[in-house]
Each structure stands twice: as C-alpha cells, then as structure tokens.
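J.: Before anything else, here's the structure in question.
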Amino acid sequence: MEELTRQAEAKSEQLEAVAAHPLAELLECPPEAGNLLNGQAQCLDFESGDVVFRQHAACKGLYVVVSGLFLRKAERLDSRLTLGSGRPGDLAELAAALGDGHHTYTLVAQSAGSLLLLPMEALNQAFDSYPPLRMRLLEELAREVSRAYISCCLNRTIHVRRRSNEAEPA
C-alpha cells in the first residue's frame, strides 16, 4: 500500500510540473507586441460539427478557445485517434503555429463556440519584436506534450491493472 501511495504522489508531482500555464502569462509581452496581437486578433464563431481546420492544412495562426467545446482528432498509421478536447482558455495547435505551419490534427466543434485567432503574420512580427514570447510558447508546447505522455502512461497502467485483476481467479 505504501508503494502505491508513493507512486500516486510521484504521478501527482509530474502532473503539477507540466500543468498548463495561464494564457495571460504565456502571451505576456511589451505593449507594442501586445497591441499588434490584439489589433490583428479575429473572433471566429462555430456551430456544432463545424471543422475549424483539418490535419495537414496550412496553419493560419494560433487559436485560443473562448467558448464551447472542441474535439481534436488525428489520423495516424491508417487509424483515427481522438486526441482530446479543447475547452475555454486552451491554446489549439501550438505545434503548427511554432513548427512547419501545417496542422497536426483536425479540430471540430462539439458544441456552438468561438475561437480567437492570432494570425501567423502578427505572431511572427510579435516574435521578432519580443523573442521571449516564442520561447514561452515553446515551453508550453513541451508541457503539452508531457501532459499527453503522462496521460497515455496512466491510461496504459490502468488498462494493464484491469486486465491483470480480471485474470485473477475469484
């Protein structure tokens, strides 16, 4: 029992270390860069079932979920995966906005909602005028990947435990 308690505490510490940072902290920058992003931001409304963007399409910028619920889906190795949901305050497609400019998944509205789009051109200008902004977003992307990895490991551990418990005779 003590071992299980230690493992649970270790997992909790891992999750705390990779917790999402507040959006205001991530996008904090000098007034000129902030004004540029605010001035170029676009609010986009979606109905349930609408596709916001498709995997492999060119990325128009960084998306911030304002309201509603959005589903992340991907196709990998001839299979379709549900990667999770996007809720108000979540950033969508950091990888595409900071990487090669192509979406790594498809984003679909699960309910009526809205997103704020920070266009690539404005983001790049803000990155040029204030390089720490790109670094903060890269750090958040690393935390996002770590959260996904930890979640995957936890799900696998739970699945293995269930199977081993089901295999034990009663």
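J.: Of the residues that sit in the stretch 68-102 and are of a type in the set (D, E, K, R) and either touching a strand residue (DSSP E or B) at 6+ places or on another chain (Cβ under 9 Å) or touching a residue at least 60 places away in the same chain (Cβ under 8 Å) (or both), which one is farthest from A57 (Cα to Cα)?
T.: Among them, the one singled out is R87.
J.: Against the condition modelled with pLDDT of 95 or more, under 18 Å from the mean Cα position of the chain (by Cα) and over 15 Å from A126 (Cβ atoms), how does A74 come out, does it pass?
T.: no
J.: Which of the residues spanning the stretch 56-95 are acidic (D, E) and closer than 22 Å to S146 by Cα?
T.: Within the stretch 56-95, the first condition is being acidic (D, E), and the residues that meet it are 75, 78, 90, 93.
Those that are acidic (D, E) and closer than 22 Å to S146 by Cα: E75, D90, E93.
Quick grid of which residues meet (1) at pLDDT 85 or above; (2) touching a Phe, Trp or Tyr at 6+ places or on another chain (Cβ under 6 Å); (3) within 29 Å of L44 (Cα to Cα):
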residue: L115; (1), (2), (3): yes, yes, yes
residue: E121; (1), (2), (3): yes, no, yes
residue: A126; (1), (2), (3): yes, no, yes
residue: L137; (1), (2), (3): yes, no, yes
residue: Y149; (1), (2), (3): no, no, no
residue: C152; (1), (2), (3): no, no, no
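J.: Let me ask something else. Taking the condition of being charged (D, E, K, R) and in contact (Cβ under 8 Å) with a residue 40 or more places away in the chain, how many residues in the stretch 108-138 meet it?
T.: 2
J.: Looking at the stretch 109-135, which of its residues are closer than 13 Å to L27 by Cα and of a type in the set (D, E, K, R)?
T.: R134, the sole residue that qualifies.
J.: Something else about it: Take the residues in the stretch 115-127 that are touching a Lys or Arg at 6+ places or on another chain (Cβ under 8 Å) and either part of a helix (DSSP H, G or I) or among the acidic types (D, E) (or both), then tell me which one is nearest to R143 (Cα to Cα).
T.: Out of the qualifying residues, it is F127.
J.: Working only within the stretch 79-114, note down all residues that are in a strand (DSSP E or B) and within 17 Å of E140 (Cβ to Cβ).
T.: Residues of the stretch 79-114 that are in a strand (DSSP E or B), as a first pass: 79-86, 91-92, 102, 106-109, 113-114.
Selection gives L83, G84, G86, L91, A92.
The values are calculated or read from the model by the stated rules, or taken from the named source; none is laboratory data. Here the structure is a predicted model, which means the values were calculated and not measured. Here Cβ is always computed from backbone atoms with ideal geometry, including for glycine, and neighbour counts include all displayed protein chains.
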